[in-house]
Amino acid sequence: MNRNMKRMTLGTFDLTIIYLSGLFSYLFLSPFVPLSLRAMLWSLGIITLIYIGLSVYFRLFDKINRYTSIRETMVHATIVTIAFLVSNIFNLIFTPLSLRFLFLWFILAVMIIPGSRVVWRIIMEHQVKKEKMNGSEDLTKLRTLIVGAGAGGGLFIKNLQRNPEIEFVGIVDDDSNKKHTTLYGVPVLGKISDIEKLVDAYDVDQVTIAIPSLSTKDLERIVSYGNTLHIKINQMPSVEDIVQGTYEVREFKKIDVTDLLGRDEVKLDMEKIATQLSGQTILVSGAGGSIGSEICRQIIRFSPKRILLLGHGENSIYLIHRELKPIADKNDVEIVPVIADIQDRDRIFKVMAQYKPDRVYHAAAHKHVPLMEVNPTEAVKNNVYGTKNMAEGAKAAGVQTFVMVSTDKAVNPPNVMGATKRIAEMIVTGLNEEGQTNFVAVRFGNVLGSRGSVIPVFKDQIKKGGPITVTDFRMTRYFMTIPEASRLVLQAGSLARGGEIFVLDMGEPVRIVDLAKQMIQLSGSKSKDIEIIESGIRPGEKLYEELLSTEENTRKQVYEKIFIGKVNNQQLNDVISFVKDLERLEDGELKVQLVDFANGKIELTTEEKQDGSSLVYA
C-alpha cells in the first residue's frame, strides 16, 4: 500500500470511529434525552472539518502505526478534544445539544481513535516476537532517511533497495524542484532543514548522507540533529573508498572528524602520474607509517612494476605488505618488503644498488616534537643522517626522482624535530646540484588520523568521559587528511624538475579546541558533558605553524593546491660540514646548534669551510 492510500485509509478509519461513536451515543441516550438531528449534523460537520484539518497539519496520517509513541497518542487525544470543544461552543451558541450526549460521544472517540493505534502497535510487536521465537526473519527494518536526491543518492538507494534490513522512508534535498518527486520509488519529502520533523513523523532510525559535496555547515547541522534526536547519522562511502576496497557501495560509513574539515577533493593529473609510475620500480621509506603506507596504497593504483616497502619496524611492514599483496597479485605488481634502518648507510646503499628504483618517496622520520626535544641525538641520527643516507644512496643508484616528505615545522623551527627536518630539506635540495637525480621536498602540516595525531588521544579521552586536554586554547594547526596529503605528494613528485620545495595548500588553520568540540559532537555527547582543559604548551611546541617563513613567502602555484616556495638554502658544503660537526656535541649544545643553524643564525667562515672543525654565529 502506497503512502497516499495509507493516509486515506487512516482518515476514513478515524472518521468512521467518530460517526459510529456519535450513532452509538444517540441510540443509547435518545430514549432518555431529546436530541436534535439538525444539531447533531452540525456537530458532526464541525468535528469532521477540525479533526481532518488538524490531523493533516500535524501529519498524523503520515505516522507509522506500529511505531506509535505516547507523544503521538497524546496529540491524537488533543486533536479530538479540540474538535469536540469547538463543536460544543458552537452548539451552546447556535444549536443547543445535550451535554451528556456530547460528553459520551467525546469519551468514545477519544478512547477508540488513539487507542486503536496503541492496540495495533501491541499486535505488531507481539507478531515480531513470535516470528523471532520461530526463528523467522526479523520484521523490524532500519528506517532510513537519505540526504541527497542526486546521482549519489540514486546509486545508494539502488544498491540497498533489496536489503531486507533497510527501509527507505524518504529523501531530503535542498533543490526545491525535486520535492514531491521520487527516486527509485522513494519520495522526496522536503529539505535538509525539515529533517527534525521528518524524523519524528516517519519514525526514522538513521539519516544517511549521499551528497559528496555537502557543505561543512550542513554536515555539522545534520550531526547536531542526530545528537538531539538520538538517531544514527552516517554517509555513503566515497568513490575513493569503493575503489580502494575499504567499503562497498551498499555499506554505511561513519561520519568522522575529517569529514568536518570541509576540504575539497583533490583532482589529480592521473595521466601525468601514470606515465611516471606505471611499469616503474618505486621505493617508499617509512612504508609502514601513516603517510608512507598511504603513499603505497595510492601508488599501487598506477600499476608500477615493483614497490619496495622499506621500514625499520617489521610488524608495520608486515601489515602493509599483507594489505597490498592481494591487490598486487591481481595487477601483476611485485611487492618487496625491505627491513632496513635508514641510519644504516651500507644497508641503504646496497638496497638502492640491488633494486635500482626509478623513484624514491622518503617518508621515514621521527616526527614527535616533545619526544625529540629530550632525544635530540636520535632526531639527528634519523632525520638528518638517515635522510642523507637515503638521498646519497639514491643518487649513487641513478634514481630519477627523490621526493622527501617534509613538514611545516621546518619553518622557523624552535624545536629539534623541526630543525632536523629543515636541515634534511637543505641536504636533499642541495644534492640536486650534482648528478642526474631530481631531488625535491614536499612540505605540509598535520595529517588527521596519523599515529602522532591528536585524534586518537581525544577519542580515548572522550571514551573515558573526559576531560579533553588541549595544550593552549589559542593553539592552531594546519590539517589535511592522510589520503589528500599522499595524493599531493605524488602529484608534486610528478612536477619535480629538481631543487624545489613544494608547499601544499593546507587551507585555513584550525583551532585545536574547536577540533575537540567537533569530536565531542560526533561522539553523541555535548560540550557541557565533557570538560576541555588547558594542559600547557609542551617543550618545543609553537602556538601556530607556518608553511613558509617571511623570507620564503613568494610562492608560485604549479598545480591545484601545490606551490613552489622561494626557499633560501645554505651551500651544500656548508650544510655537510655542519652535519659532520654534530657528532661531537652533547644534547644541550646540540639542540641550540640545530635550531640556530636551521634558522640561519650560524654560518661558516672561509677558513672554517676548509676543515669544517668549528662554527661561528653570523
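The values are calculated or read from the model by the stated rules, or taken from the named source; none is laboratory data. What you see is a predicted model; the values in this text were computed from it and never measured. A quick note on method: Cβ atoms are made from the backbone with ideal geometry, for glycine too, and the neighbour counts reach across all protein chains shown. Note: accessible area is taken over every heavy atom of the protein model, side chains too, but ligands, DNA and RNA are not part of it. Shrake-Rupley method; radii C 1.70, N 1.55, O 1.52, S 1.80 Å.
Once you put a point 7 Å from the Cα of Met74 and another 7 Å from the Cα of Phe28, both along the Cβ direction, what distance in nm separates them? So the two model labels end up 2.7 nm from each other.
Name the chymotrypsin sites (Phe, Trp or Tyr not before Pro) in region 455-490 that are in a loop by DSSP and that have at most 13 other C-beta atoms within 10 Å, would you?
Phe473
Using the structure shown, select from Lys158/Lys191; Lys367/Lys591; Lys325/Lys388 the pairs with a Cα to Cα distance greater than 25 angstrom. Check vs 25 Å cut-off fails for Lys325/Lys388.
For Val457, the solvent-accessible surface computed with a 1.4 Å probe is close to 70 Å², ligands and nucleic acids excluded.
Ranked by solvent-accessible area (1.4 Å probe, protein heavy atoms only, all chains present), the residues Leu97, Leu23, Leu104 order from largest to smallest as Leu23, Leu104, Leu97. Qualifying trypsin sites (Lys or Arg not before Pro) in region 443-491, where qualification requires a DSSP coil assignment and no more than 16 other C-beta atoms within 10 Å, comprise Arg451, Lys464, Arg474.
On a 31 Å Cα-Cα criterion, which of the cross-link pairs Lys305/Lys395; Lys253/Lys356; Lys254/Lys561; Lys459/Lys580 come out too long?
Numbers: Lys305/Lys395 21 Å; Lys253/Lys356 41 Å; Lys254/Lys561 27 Å; Lys459/Lys580 43 Å.
From Lys305/Lys395; Lys253/Lys356; Lys254/Lys561; Lys459/Lys580, over 31 Å: Lys253/Lys356; Lys459/Lys580.
Surface listing: His368, His76, His312 arranged by accessible area from highest to lowest gives His312, His368, His76, probe 1.4 Å.
Express the accessible area of region 306-454 per residue in Å², computed with a 1.4 Å probe while the remaining protein chains stay in the model.
Details: 5500 Å² over 149 residues.
Normalised by residue count, the accessible surface of region 306-454 is 37 Å².
Simple spin-label estimate for Thr216 and Ile576 gives 4.5 nm between the two label positions (7 Å along the Cα-to-Cβ direction from each Cα). Per-residue SASA remark: Ile52, around 50 Å² accessible (1.4 Å probe; ligands, DNA and RNA not included). Between Gln280 and Lys305, Arg306, the built amide H atoms are under 5 Å apart, and every one of these is 5 or more places off in sequence or on another chain. Each residue was assigned an accessible area with a 1.4 Å probe, and for Glu541 the value is about 40 Å².
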